[in-house]
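Here's the structure, in structure tokens; my notes come after.
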Amino acid sequence: MRELTRDQLRVRREKNKRALESQKKRVLVCAGTGCIAGGSLEIYDYLKRECEKRCPQVSIGLNHEDEPEGKNPDGTIYLKKSGCHGFCEMGPLVQIDPEGILYTHVKLDDCEEIIEKTILKGEVIPRLLYQLDGVPYAKHNEIPFYHRQHRVVLENCGTTDAEDIDEYIARDGYVAFEKALFEMTDEEICKEILDSGLRGRGGGGFPAGRKWDSVRKQPKGKKYVVCNGDEGDPGAFMDRSIMEGNPHSIIEGMLIAGVAAGSDEGYIYVRAEYPLAVKRLKTAIAKAEEMGLLGDHILGTDFSFHLHINRGAGAFVCGEGSALTASIEGNRGMPRVKPPRTVEHGLWARPTVLNNVETLSTVPLIIRNGSEWYRSIGTDNSPGTKAFALTGNVVNTGLIEVPMGTTLREIIFDIGGGLKDGKKFKAVQIGGPSGGCLTEEHLDMPLDFDSLKRVGAMIGSGGLVVMDEDTCMVEVARFFMNFTQNESCGKCVPCREGTRRMLEILTRIVENKGTLEDLDLLEELSATISETALCGLGQSACKPVQSTLKYFRNEYLAHVVDKHCPHCNGKKKAMVIHADKCKGCGKCKRECPMEAITGEVKKPHVIDPEKCIMCGACLRGCPFGAISEE
């Protein structure tokens with residue numbers, strides 16, 4: 001660790017800025033998890049190897065220390081591994097600046113042409129461009145998917161080298177930390193965050209400034225700052241992308257929280273299923289320590305801050321604050337009764353600031369630009385932006401960021417490009433297992449904390465799963481209940497036993513074996529579990545069931561009364577008579593209440609699938625075992 005003063009950091013920042021501004025030709029290969037799975041690292045290696053053969057110079061990083069006055073030779077190619085660009089449906093992605101050309105679905109075989117035509121000659125390759133309704137878009141900021149977003153937290157994801165601390169500093173990184181450390185009191189920092197209206201992006205929407213101030217006011221002594229990176233909602237990957245693509249923003253946010261709360265130690269809790277996020281966070285922490293931005297007596301002051309990474313084992317319940325802190329302590333991740341709250345009794349029973357990744361990444365922007373700037377975005381009660389993971393039956397899946405108050409219609413049809421294959425929109429599951437389903441009547445409702453709460457849903461961490469007209473909503477409810485039941489820690493009876501009973505009922509209904517009484521029991525159990533479960537997981541576990549019962553009750557009735565759902569597997573289930581076993585006795589025909597069976601005596605009979613209600617009367621009545629489920 002080197003000793004770094006504020007003046008030295010400022011000198012370094014200016015030098016970094018000059019080096020960054022002098023970069024004329026930049027090639028950014030998306031190195032987010034999705035694009036890596038599609039082969040982007042092989043594309044990066046090929047471009048690096050071949051560019052080094054043909055170009056005057058290929059540079060990785062700023063390399064300002066080797067270049068006088070930050071000037072770089074003309075013709076240098078600056079090759080970078082960026083974080084997630086967000087346009088995951090179109091990956092692997094390669095962006096070439098300063099032209100802003102974005103190539104989609106890039107394959108290893110395309111690299112030669114990219115080098116020869118675009119990198120060396122500046123020519124565009126039309127076949128690699130994104131096209132919408134036959135119109136090609138050469139520049140990434142003109143593509144409707146990007147053009148209609150407002151990227152604030154995600155601004156540096158996909159546009160910078162994710163592992164280069166100097167590039168982060170060149171883009172005004174750690175300016176907010178300097179300001180908080182040298183120019184603001186702890187009370188002023190908390191007030192600025194409170195005045196901004198920043199609410200926790202992990203799902204609850206609790207005012208971050210109020211939480212920080214509560215920890216600040218606790219008696220002096222050991223305090224902690226904890227970042228919740230345990231993103232467990234199915235289909236959600238917002239926090240993962242920030243950790244992979246802009247890790248220093250999290251570190252800076254935690255440093256500011258440390259100054260405000262009077263803490264000298266922090267933990268980032270990350271899912272073990274996010275190995276790339278862990279790797280890049282470790283790299284970022286090591287470089288910040290080496291530079292003197294983490295450790296003892298930071299920037300020559302009395303403020304010290306040490307940061308650790310703790311990997312979770314994948315338990316969804318550890319997204320809850322008290323379960324998360326228990327896991328860091330080495331105990332089983334289980335929530336405890338509250339109060340006392342985490343701000344009073346958190347990690348190792350000490351006062352703790354606990355925020356999620358997106359919340360902490362927003363903090364440096366607020367301190368740097370001011371609370372009024374932040375309040376100018378979004379709605380009065382939900383200022384700022386929100387990152388969403390847009391997945392499901394939508395044309396353009398990926399990571400997006402929009403102002404709070406943006407409507408579902410704008411997100412799904414303008415940014416997402418509508419539904420695949422021209423299907424009709426049916427519903428969107430928002431907030432994962434803790435959220436509810438929104439329907440066509442909600443398409444023009446503003447997405448913010450309060451509006452969603454009024455209709456029985458919640459933003460959660462920001463997962464948006466779009467479903468088309470062919471989706472069975474009962475199966476959707478069963479899927480999320482199965483997830484929640486498997487992830488229940490088992491500490492409290494309502495969640496442990498109640499969700500199990502609900503899953504059994506939903507499974508029975510999906511199999512067309514349910515009754516009308518089952519629907520009443522589902523509603524009764526939902527209300528009981530929501531009111532009596534110990535933690536947020538159990539209290540919100542029933543939201544998918546409650547919302548689908550409310551908005552799609554006809555589909556439950558189709559399973560229960562008609563014994564047939566037109567959306568399950570695309571065809572109706574029915575009983576089948578096997579001709580080689582049927583003796584033509586006619587007993588099944590007499591037993592069938594729907595007159596769905598026809599046939600002559602002593603000849604094989606058949607069942608009309610459109611009339612069959614899967615009641616099983618024929619199955620029970622057949623003495624030859626000739627009938628089975630289709």
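Descriptive notes on the structure:
- With all protein chains kept in place, the per residue accessible area of segment 50-189 amounts to 44 square angstrom at a probe of 1.4 angstrom.
- Sulfur and carbon atoms: percent of accessible area, segment 373-447 [1.4 Å]: 42 percent
- Within segment 1-155: Cβ-based charge dipole about Cα centre, in debye rounded to nearest 20 (Lys, Arg +1; Asp, Glu -1): 500 debye
- Surface composition of segment 6-144: carbon and sulfur atoms hold 49% of the protein heavy-atom accessible area at a 1.4 Å probe.
- Net dipole in debye of the chain [+1 Lys, Arg Cβ; -1 Asp, Glu Cβ; about Cα centre; nearest 20]: 1600 debye
- When both bridge partners sit in the chain, DSSP labels roughly 55% of those beta bridges antiparallel.
- Amide H within-cut-off set for V153, under 5 Å, with H built and near neighbours excluded: none
- Other residues within the sphere of radius under 9 Å centred on the Cβ of G100, judged by their own Cβ, net out at -2 (K and R +1, D and E -1).
- If you sort the three axes of the alpha carbon gyration tensor as a ≥ b ≥ c, you get a/c of 1.5 or more for segment 172-222 and a/b no higher than b/c, which makes it oblate.
- Per residue, the average separation of C-alpha pairs within less than 8 Å and at least 6 apart gives the chain a relative contact order of 11 percent.
- For the chain, the 222 nm mean residue ellipticity estimated from helices alone, with every DSSP H stretch of n ≥ 4 adding -39500 (n - 2.57) and the total spread over all residues, rounds to -10000 deg cm²/dmol.
- From phi via Karplus (6.51, -1.76, 1.60), per-residue ³J(HN,Hα) for segment 188-199 in Hz, x at Gly/Pro: 5, 4, 4, 5, 4, 5, 5, 5, 5, x, 4, 10
- Toward the positive end of the charge dipole of the chain, with +1 on the Cβ of Lys and Arg and -1 on the Cβ of Asp and Glu, the farthest Cα among M254, L519, H605 is that of H605.
- For T407, the residues whose amide H sits under 5 Å from its own are L447, ignoring neighbours fewer than 5 places away on the same chain, with H placed 1.01 Å from N.
- Shape of the chain, Cα gyration tensor, a/c cut at 1.5: oblate
- In order along segment 368-378, the phi-based Karplus estimate (6.51 cos²θ - 1.76 cosθ + 1.60, θ = phi - 60°) of 3J(HN,Hα) comes to 6, 9, x, 5, 5, 4, 5, 5, 6, 10, x Hz; Gly and Pro are listed as x.
- Packing-based ranking of 178-189, 238-249 yields 238-249, 178-189, ordered from highest to lowest mean Cβ neighbour count within 10 Å.
- When every Cα-Cα distance of segment 88-170 is counted in 10 angstrom steps from zero, the calculated P(r) takes the values 15, 47, 32, 6, 0 percent.
- Cα-based shape type of segment 439-540, given that a ≥ b ≥ c are square roots of the gyration tensor eigenvalues and the cut on a/c is 1.5: oblate
- Net charge dipole, segment 301-419: roughly 380 debye, given to the nearest 20, about the Cα centre with Cβ charges of +1 for Lys and Arg and -1 for Asp and Glu.
- Near E469: Cβ cut-off under 9 Å, other residues only, Lys/Arg at +1 and Asp/Glu at -1. The net charge is +1.
- Legend: distances between Cα atoms for K491/K543; K491/K550; K420/K513; pairs beyond 25 Å are K491/K550; K420/K513.
- Distance from the alpha carbon centroid of segment 17-35 to that of segment 503-581 works out to 50 angstrom.
- Amide H contacts under 5 Å for L307: G266, restricted to partners 5 or more places along the chain or on a different chain, H placed in the peptide plane at 1.01 Å from N.
- Residue-normalised accessible area of segment 308-367, given per residue in Å² at a 1.4 Å probe: 35 Å²
- Across the options L299, V152, C495, the greatest Cα extent toward the positive end of the charge dipole of the chain (unit charges at beta carbon of Lys, Arg, Asp, Glu) belongs to C495.
- Bridging of K24 to lysines at a Cα separation below 24 Å is possible for K15, K48, K53, K71, K80, K81, K117, K121, K139, once same-chain residues fewer than 8 apart are set aside.
- Centre separation in Å (Cα based) which lies between segment 466-482 and segment 582-630: 32 Å
- Shown for segment 542-630: the carbon plus sulfur share of the solvent-accessible area, taken with all protein chains present and a 1.4 angstrom probe, equals 53%.
- Cβ-based net charge around E517, under 12 Å, with every Lys or Arg adding one and every Asp or Glu removing one: -3
- Convex hull of alpha carbon positions in segment 505-630: directionally averaged projected area 8.9 nm².
- Scalar couplings 3J(HN,Hα) for segment 95-102, obtained by applying the Karplus form with A = 6.51, B = -1.76, C = 1.60 to θ = phi - 60°, are 10, 10, 10, x, 5, x, 6, 10 Hz; x denotes Gly and Pro.
- Positive-end extreme of charge dipole, the chain - chosen from I43, Q131, N355 (charges on Cβ): N355
The values are calculated or read from the model by the stated rules, or taken from the named source; none is laboratory data. Keep in mind that this is a model prediction, so the values were computed, not measured. A quick note on method: Cβ atoms are made from the backbone with ideal geometry, for glycine too, and the neighbour counts reach across all protein chains shown. We work out accessible area using only protein heavy atoms, side chains counted, and drop any ligands, DNA or RNA first. Shrake-Rupley method; radii C 1.70, N 1.55, O 1.52, S 1.80 Å.
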